[in-house]
């Protein structure tokens with residue numbers, strides 16, 4: 001490609017943008033990408049929260065009284081055999097009592113009121129995949145020598161269900177917003193085509209290649225998409241930083257993603273998405289026209 | 001040069017534009033296409049530039065079967081064919097020079113070539129001193145000369161002219177014909193669709209008459225129509 005041709009493509013694209021792109025369409029593109037970005041940030045935080053909670057999740061297996069050390073080892077082997085297990089620690093009733101006392105601190109007096117140890121022997125199990133906790137717990141509960149099984153009370157399941165629901169909403173919104181953005185950019189391409197139909201007709205007559213005709217439109221679509229994306233990414237970046245500071249001072253015990261790499265990646269992703277949608281819009285809207 | 005083998009064209013709405021046309025036009029010929037409106041003249045021209053594909057039959061231009069060209073080959077075919085029209089199709093916001101240069105710019109021609117060819121072709125059509133004017137500052141005949149300059153600036157082997165004198169008075173039309181003759185004299189094949197009886201009769205060139213999609217007459221040194 002000659003330098004003159006390169007300059008021609010850009011000057012055409014910029015002239016067409018000045019002529020056919022207005023603040024309403026740019027604003028709509030920016031707002032759509034902003035909302036999509038916000039939903040991805042919510043997912044990011046929910047994942048972070050889930051990771052944080054699941055790393056602490058364990059299955060506590062209480063053993064029946066009178067289980068011998070040999071039965072215990074056999075049980076441990078059978079639990080291992082179920083698979084998906086990271087660690088199994090044995091906690092004897094004495095160890096359990098000691099830990100309980102530490103947890104109670106000053107209130108340990110209520111334990112000394114009892115002259116026997118009420119706690120059973122137990123295994124503390126950490127699993128490789130938090131999603132498998134529930135299934136694993138119910139299988140362990142059916143093993144011989146097991147009195148009862150305790151795990152996160154369905155908290156994990158509910159969190160996973162929430163993440164799933166937010167994903168579904170985000171994907172549905174993505175479909176709607178992406179189509180809207182492509183239609184908006186496609187419409188500016190259509191306006192440009194109408195304004196430039198004489199030039200395009202002559203270009204085809206004198207033998208300009210399809211790509212030569214396409215480039216200015218492609219640049220126009222990509223620039224419009226990119227501009228909308230830049231506005232949304234800048235807004236998202238600063239508003240998120242502000243929201244995180246407010247959130248952390250109000251609810252300091254809930255872990256949030258404070259930005260950094262993930263936020264920057266999301267912003268870059270938005271820019272790429274904006275430019276890609278613009279390119280798709282121009283190619284799709286030009287296709288029918290160029291076939292003639 | 002240009003050959004049609006049993007070419008038919010039926011449009012999706014059922015209109016038969018051409019019906020089994022066989023035709024041979026040699027390099028350097030000057031051919032008039034005559035016949036009533038809707039007879040198939042424009043369809044014939046559009047087929048040569050592959051704007052329209054035949055429903056059946058073969059169209060050979062410069063030894064290439066136009067029907068079998070791949071979409072990306074079409075622009076290269078069109079670079080060997082110049083086209084002019086009744087309505088000139090000039091870009092109103094570009095000067096005479098830029099209108100002609102545009103045809104070379106959009107095929108990515110080198111700047112050196114553009115600066116050499118455009119003044120030469122403007123000189124040929126007699127508009128060397130009007131290069132910086134806009135189309136609306138020119139008369140109809142002058143505008144048609146600009147469009148001819150644009151059509152031949154890339155040295156095509158064929159020039160298709162669809163009613164090029166349709167909007168012009170006789171004297172101006174005759175000036176355009178003299179220019180076309182000059183271009184024909186340089187070896188360019190010219191195919192001109194027209195309703196202008198006086199011009200056809202005076203030029204004494206090959207005349208092909210099309211009616212209802214069929215060639216009904218093909219005469220060298222012919223006239224517009226049989227005497228009524």
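The values are calculated or read from the model by the stated rules, or taken from the named source; none is laboratory data. Every value quoted in this text rests on a predicted model; they were computed, and no experiment measured them. Heads up, the Cβs are rebuilt from the backbone with ideal geometry, glycines too, and the neighbour counts pull from every protein chain shown.
Quick look at the numbers
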read-out	value
Yes/no for residue A:215 being touching a residue at least 40 places away in the same chain (Cβ under 8 Å), in a helix (DSSP H, G or I) and within 14 Å of another protein chain (Cβ to nearest Cβ)	yes
Helices (runs of 4 or more DSSP H) wholly inside the range A:47-115 that include at least 3 residues being touching a residue at least 12 places away in the same chain (Cβ under 8 Å)	A:69-82, A:93-104
Options A:175, A:166: the member that is within 28 Å of residue A:271 (Cα to Cα), surrounded by 13 or more Cβ atoms within 10 Å (Cβ to Cβ) and assigned by TED's automatic domain parsing to the domain that holds residue A:279	A:166
Residues that are at the interface with chain B (Cβ under 7 Å from one of its Cβ atoms) and buried (at least 20 other Cβ atoms within 10 Å of the Cβ), drawn from the range A:186-205	A:202, A:203, A:205
Members of the range B:84-114 that are at the interface with another protein chain (Cβ under 9 Å from one of its Cβ atoms), in a loop (DSSP other than H, G, I, E, B) and crowded, with 20+ Cβ neighbours inside 10 Å	B:90, B:106
Verdict on residue B:80 being touching a residue at least 60 places away in the same chain (Cβ under 8 Å) and either more than 9 Å from chain A (Cβ to nearest Cβ) or out of contact with any helix residue (DSSP H, G or I) (no Cβ under 6 Å at 6 or more places or on another chain) (or both)	yes
Scope the range B:29-76; condition touching a strand residue (DSSP E or B) at 6+ places or on another chain (Cβ under 6 Å), in a loop (DSSP other than H, G, I, E, B) and more than 14 Å from chain A (Cβ to nearest Cβ); matching residues	B:29, B:35, B:39, B:40, B:54, B:55
Residue list for the range A:242-254, filter: surrounded by 14 or more Cβ atoms within 10 Å (Cβ to Cβ) and outside any helix (DSSP H, G or I)	none
Residue selected from the range A:136-163 under the condition touching a strand residue (DSSP E or B) at 6+ places or on another chain (Cβ under 7 Å) and part of a helix (DSSP H, G or I), by the criterion surrounded by the fewest Cβ atoms within 10 Å (Cβ to Cβ)	A:141
Any chance residue B:21 is in a strand (DSSP E or B), modelled with pLDDT of 95 or more and more than 11 Å from every other protein chain (Cβ to nearest Cβ)	no
Of residues in the range A:258-292 being more than 30 Å from residue B:52 (Cβ to Cβ) and outside any helix (DSSP H, G or I), the one nearest to the other protein chains (Cβ to nearest Cβ)	A:259
Residue in the range A:206-213 that is exposed (fewer than 14 other Cβ atoms within 10 Å of the Cβ) and under 28 Å from residue A:16 (Cβ atoms) present	yes
